[in-house]
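Every read-out reported here was derived from the displayed coordinates using simple, explicitly stated rules and does not represent laboratory data. Please read all numbers here as calculations on a predicted model, not as lab measurements. Here the Cβ positions follow ideal geometry from the backbone for every residue, glycine too, while neighbour counts run over all protein chains shown.
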Amino acid sequence: MHPAFSVIFFTVASGAGFGLFSLLFIADTFKLGGGFSREQLIIGGLIALALIVFGLLSSTFHLANPKNAWRAFNRFRTSWLSREGVFAVVFMPLALAYLLCIWFDAPLWLRELTGLLSAVLAWITVFSTGMIYACLKTIRQWHSPLVPANYLALGYASGSLILLLGAVISDLDTLPYIAMAALILSVAAVLKAIYYFWISSPGLGPTINTATGLTRAKVKLLDTGHTHGTFLTQEFGFQLARQKAGLLKVVVFVLGFGLPGLMLVWVFNQQGGQVAAIVAVVGGIIGAAVERWLFFAEARHVVNLYHGAQRC
């Protein structure tokens, strides 16, 4: 698939925003590291909402006619894209209600209820984003429960690093935030490694025989139907050299997981903690962006079989 910057920005930014908001609620509920102040919670929540809003807005730039984006809400029963949009819209007023409860010192039960509902909706929304791709049987690299699991893990990993930076700036006890970020980063790294191993397994995926349903003898494609590039070959036939893909996967693990992990140790040792936390956030987000670019670039749509590719 041809990687679109708008979709990459959308999935990385909104995933980090939803992850940050959910983890901020946990930090507030359990007063991790001594607990953020009211003003700090509001700022953190607004940063999370800004990431979500800008991410969602950027996704419309991938549409041929962005003004028709509202139509995505019409197919809630059958479309994961529609469910993602509906859940994101429902999340917004609940998240704002939670922040207002913090600001106006609302009863604890109301504050906890709105925060919990917001955190659950954030989780469901990111899961729905992953399922947009995981439900597509035509792309083997996406049709797996590993896809929504990776979307959740990477979104929450980015959110945990941003939250750690907030804890360092707020001069809280960073140990709980370091432990949280280390755990989520470890889970995300393992899931990503499993995913890369799975998509690289030889002999998997459709062939021209299974695509046509003719399995008694080997099918030979005599004519691809065109002499130049088409929309299908340009959008669904993106080619990525195996060596380049391997190098980018190394970048994902070095910048997305290794560098933030090293910075967590630096923060733990209280040596330039704020600088280390900033480096962890930047490295984690760049790593997530490279991972998302690879996620699209390595996808092989079954339609390629009808244009000369003998295996997706």
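Go through 193-199, 294-300, 45-51 and give me the packing order, highest mean Cβ count within 10 Å leading.
Highest mean packing first, the order is 294-300, 45-51, 193-199.
Want the number for residue 265 to residue 247: 0.36 nm per residue separation, take away the alpha-carbon distance, what's left?
3.9 nm
Put +1 on the Cβ of every Lys and Arg and -1 on every Asp and Glu Cβ in segment 33-150; which of 103, 119, 33 then has its Cα farthest towards the positive end of the dipole?
It is 119, whose Cα lies furthest towards the positive end.
Could you rank the peptides 114-127, 15-28 by their average count of other C-beta atoms within 10 Å per residue, with the highest value first?
Peptide ranking by packing, descending: 15-28, 114-127.
Give me the distance between the Cα centres of segment 240-259 and segment 76-142, rounded to whole Å.
What the calculation gives is 30 Å, centre to centre.
Need one number: nm distance between label points at residue 106 and residue 43, each 7 Å from Cα along Cα→Cβ, rounded to one decimal.
2.3
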